[in-house]
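**Q** My structure is below; once you've seen it, I'll send some questions.
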Amino acid sequence: PKHIVIVGGVAGGATVAAQLRRLNKDIRISIFEKGGQIAYSNCGIPYYIGGIVPDRNSILRDCQDFSDKYDAAIHLYTEVTSIDREKQRISFIDLKDNKEGYEEYDHLILSPGASARIPDIPNLNAGNCFPIRSIQDMDHVHQFIEESSPKTALIAGGGFIGVEMAENLILRGLNVQLLERSKQVMGILDSDMAELMEKEMRDKGISLLFDEELAAVEDGGTTFVMKSGKRTEADLLILSMGIIPNTSLAEQSGLKIGETKGIVANEFMQTNDPLIYVLGDAAETVDPILHKPKQVPLAWPAHRQAYIIANHIAGVPIPYKGTYGTAIVKFFDLAAGMIGHNEKTLKSMETPFKTEVVEAKSHAGYFPGSMPLKIKLHYDPVSRAILGAQTIGKDGADKRIDVIAAAMKGKLTVDDLQEIELAYAPPFSSPKDPVNILGYMASSKNINKE
Ligand code: FAD
């Protein structure tokens, strides 16, 4: 039978294995994972640390159970070290006993993910400095909190993981400072949207240090020196400064790396070697909005790409149509949703755009529990295509970003938004939903202009 070898056994790797088996009973599947777990839910890591998800096992998957269910050979603690494309075989090292070996493939699937960006600064390995990427990282932080009862934490980096960790460390009773080299948290949001998140963070007692970068760790790990020379103290450091796609294996074997530093994939997720596929955080695909290369480290694309690859290998070519980058983050009651391009990326690409902002209520104002909801939407003034959107609020931000995501996928224009017939009763929305209002606003300006 055909042998499919998969490198990386978590979001992309495990999902593609399951999809392959669903479509084909006869193939051999082998998964190589250098860590000690497969198919776990990385996205649950911050919530286990904070205690919102109390059961560690609920985010893990039993390896034997997975192996039995999908009839896949799983090699844990085994790192794939090289690819011989001519001989169609990979070399690996078993990290437990340092034994090396090789395995031949008919198709190779790379889902090696990404690594946390770790700054090159002195004394970072003081024992209280942790990236947040794997189950091992999660266990280290959890154990440190249980055993050392830290009172204060410094989070370096204010993106998704920094914000989620801030909430979860507060829930564990820590006093949190967050350091960010730019002038705002959540660089993916426009600054006026990020400000609402920042206000909420300050209200929860977090001190935000902007325009600062970590430069050194001193005093056995409790004093942190910043580029400006300013110093701060904390018992625990979380490194959430972004990620770097794991591409060295691909690079060494001559697979093409793109401008986003991801491994270039075609519409069927094949690399420049048609026998080798790539998916997940390490893959570069396209932005369906402006048709530029894009690398999006999120779970939705990894799962969709797994489906595309499994079908392609089974002889059913379904193209991957690109990644919009729909995402959402929660900080206590507040949620911020986003899709597509923000002001900064549109300006940097010199793409003409117009913007509508609506500040509405999540549902009928007279009905208890309605909350302020802000939505911002960027669109092309000529084609009227939606280029990006952001939502923020304590209720309904998730629903609105998903409605806009569906509108973008369906290639609706900004003017079409007024025509989407959305469900209304007072506890849920208003007879004109805030998404409808964006459409009315944009088209009334357009009519007035004409
Ligand atoms: P991974 O799931 O990271 O798997 C890659 C695996 O490959 C790793 O286990 C690695 O050990 C292994 N590997 C690498 N190189 C080799 C090699 N040479 N040999 C063998 N094995 C190798 N996304 C969302 O959409 N929503 C969220 O809320 C969200 N929250 C997140 C929270 C955290 C803390 C983290 C870390 C990520 C979160 N993500 C979230 C991102 C999401 O988890 C990733 O996009 C997704 O896991 C990518 O899948 P992947 O298969 O590319 O990489």
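The values are calculated or read from the model by the stated rules, or taken from the named source; none is laboratory data. These numbers come from a predicted model, not from an experiment. With ideal geometry, Cβ positions are generated from the backbone for all residues, glycine too; neighbour counts draw on all protein chains shown.
**Q** If you scan region 401-412, which residues turn out to be crowded, with 17+ Cβ neighbours inside 10 Å and either β-branched (V, I, T) or part of a helix (DSSP H, G or I) (or both)?
**A** Residues satisfying the conditions are I401, V403, I404, A405, A407, M408.
**Q** For region 1-116, please list each of the strands (runs of 3 or more DSSP E) lying entirely inside it that holds at least 1 residues being farther than 29 Å from H140 by Cα and not charged (D, E, K, R).
**A** By residue number, 3-7, 28-32, 72-75, 78-84, 89-94, 99-104, 107-110.
**Q** Which of the residues that make up region 423-450 are modelled with pLDDT of 95 or more and farther than 14 Å from V358 by Cβ?
**A** Answer for region 423-450, where residues must be modelled with pLDDT of 95 or more and farther than 14 Å from V358 by Cβ: A423, Y424, A425, P426, P427, F428, P431.
**Q** Is it the case that some residue within region 389-400 is within 21 Å of the chain's Cα centre (by Cα), part of a helix (DSSP H, G or I), acidic (D, E) and surrounded by fewer than 18 Cβ atoms within 10 Å (Cβ to Cβ)?
**A** Looking for residues that are within 21 Å of the chain's Cα centre (by Cα), part of a helix (DSSP H, G or I), acidic (D, E) and surrounded by fewer than 18 Cβ atoms within 10 Å (Cβ to Cβ), one finds at least one in region 389-400, hence yes.
**Q** So which residues in region 28-55 are more than 10 Å from the ligand (Cβ to nearest atom), aliphatic (A, V, I, L, M) and in contact (Cβ under 8 Å) with a residue 60 or more places away in the chain?
**A** Scanning region 28-55 gives a single hit, I52.
**Q** Would a scan of region 146-163 turn up a residue that is hydroxyl-bearing (S, T, Y), out of contact with any Asp or Glu (no Cβ under 7 Å at 6 or more places or on another chain), without any contact (Cβ under 8 Å) to a residue 24 or more places away in the chain and over 24 Å from P372 (Cβ atoms)?
**A** Within region 146-163, one or more residues are hydroxyl-bearing (S, T, Y), out of contact with any Asp or Glu (no Cβ under 7 Å at 6 or more places or on another chain), without any contact (Cβ under 8 Å) to a residue 24 or more places away in the chain and over 24 Å from P372 (Cβ atoms).
**Q** Considering only residues that are over 28 Å from the mean Cα position of the chain (by Cα) and of a type in the set (S, T, N, Q), look in region 177-236 and name the one that is farthest from G162 (Cα to Cα).
**A** S228
**Q** Which residues, counting only those in region 56-74, are crowded, with 21+ Cβ neighbours inside 10 Å and within 12 Å of the ligand (Cβ to nearest atom)?
**A** Of everything in region 56-74, just one residue is crowded, with 21+ Cβ neighbours inside 10 Å and within 12 Å of the ligand (Cβ to nearest atom), namely I74.
**Q** Looking at (1) within 16 Å of the ligand (Cβ to nearest atom); (2) of a type in the set (G, A, S); (3) surrounded by 20 or more Cβ atoms within 10 Å (Cβ to Cβ), which one does A116 not meet, given that it meets all the others?
**A** (3)
**Q** For region 243-280, name all the residues that are assigned to a loop (DSSP other than H, G, I, E, B), small (G, A, S) and within 11 Å of the ligand (Cβ to nearest atom).
**A** Correct list: G262 only.
**Q** Of these, D219, D192, which one is over 27 Å from F331 (Cα atoms) and surrounded by fewer than 20 Cβ atoms within 10 Å (Cβ to Cβ)?
**A** D219
**Q** Limited to region 203-242, what total is found for residues that are out of contact with any Pro (no Cβ under 7 Å at 6 or more places or on another chain) and part of a loop (DSSP other than H, G, I, E, B)?
**A** So the count comes out to 14.
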